[in-house]
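Colleague: I have a structure here, written as structure tokens, and I will follow up with some questions on it.
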Amino acid sequence: MGRHEQREQVFMLLFQVEFHEPEDMPRQMRLFLEDNESIASQKDSDYIENRCMAICEKLSEIDKLINDNTEGWDTGRMGKVELTVLRLAVYEMRFDDDIPPRVAIDEAVELAKKYGQENSGGFVNAILAKIMKLGD
């Protein structure tokens, strides 16, 4: 499984955070990983679980960064798809030195286009571009 596929699986798992209590997420993660035919190896499964847990641990910091860089929007008003994509991308941009910020943005836009509304890609791109400028 390549990075793109792993990222998409992390997105799908992270999406569930919005629908479950934090204490129920370990169980939800297990169910997602056990029943997922797209995840062929234990190595991929471990990566996806570890990445999702790492993002969850930083959610308050990630959400603050998102909220501080949006006008007229906040994480409570955003669509669940867009919010999840933003959380994943912001984590990659801020906390993963192995992923160049432009790659994180490109991948986020692709996920937003695939799973979100018609204008989700542009919405995600605009917010992430603003956040990227903070790091420059």
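Colleague: Can you tell me, using C-alpha contacts under 8 Å and at least 6 residues apart, the relative contact order of the chain as a whole percent?
Modeller: 22
Colleague: Could I ask something else about it? Hey, what angle do you get for helix 42-57 against the long axis of the chain, alpha-carbon based, 0 to 90 degrees rounded to 10?
Modeller: Tilt of helix 42-57: around 40 degrees.
Colleague: So, one more: Accessible area per residue for the chain in Å², computed with a 1.4 Å probe and the full protein assembly in place, what is it?
Modeller: Per-residue value: 56 Å².
Colleague: So how tilted is helix 25-34 from the main axis of the chain? Cα-based, degrees 0 to 90, rounded to 10.
Modeller: Tilt of helix 25-34: around 60 degrees.
Colleague: Return the single residue from Gln42, Gln117, Gln16 with maximal mean-square fluctuation; model: Gaussian network over the chain, springs between Cα atoms under 10 Å.
Modeller: Answer for the Gaussian network model of the chain: Gln42.
Colleague: Accessible area of region 35-86 with a 1.4 Å probe: how many percent of it is carbon plus sulfur?
Modeller: In region 35-86, the share of accessible area belonging to carbon and sulfur is 44 percent.
Colleague: Continuing with the same structure: Name the longest site-free stretch of the chain, where the excluded sites are GluC sites (Glu not before Pro) in a DSSP loop with no more than 16 other beta-carbon atoms within 10 Å.
Modeller: Longest run free of exposed loop sites: 72-117.
Colleague: Give me the aspartates and glutamates in straight-line cross-link reach of Lys43: C-alpha distance below 16 Å, same-chain residues under 8 apart excluded.
Modeller: Of all the aspartates and glutamates, those that pass the test against Lys43 - Cα under 16 Å, at least 8 places apart if same chain - are Glu5, Glu8, Glu34, Asp35.
Colleague: If I fit a long axis through the Cα atoms of helix 59-68 and take the longest principal axis of the Cα atoms of the chain, what angle between them do I get, 0 to 90°, rounded to 10?
Modeller: The angle comes out at about 20 degrees.
The values are calculated or read from the model by the stated rules, or taken from the named source; none is laboratory data. From a predicted model like this one, the values you see are computed outputs, not experimental measurements. Positions of Cβ are generated from backbone atoms using ideal geometry, with glycine treated the same way; all protein chains shown enter the neighbour counts. Calculation scope for accessible area: heavy atoms of the full protein, side chains included, ligands and nucleic acids excluded. Shrake-Rupley method; radii C 1.70, N 1.55, O 1.52, S 1.80 Å.
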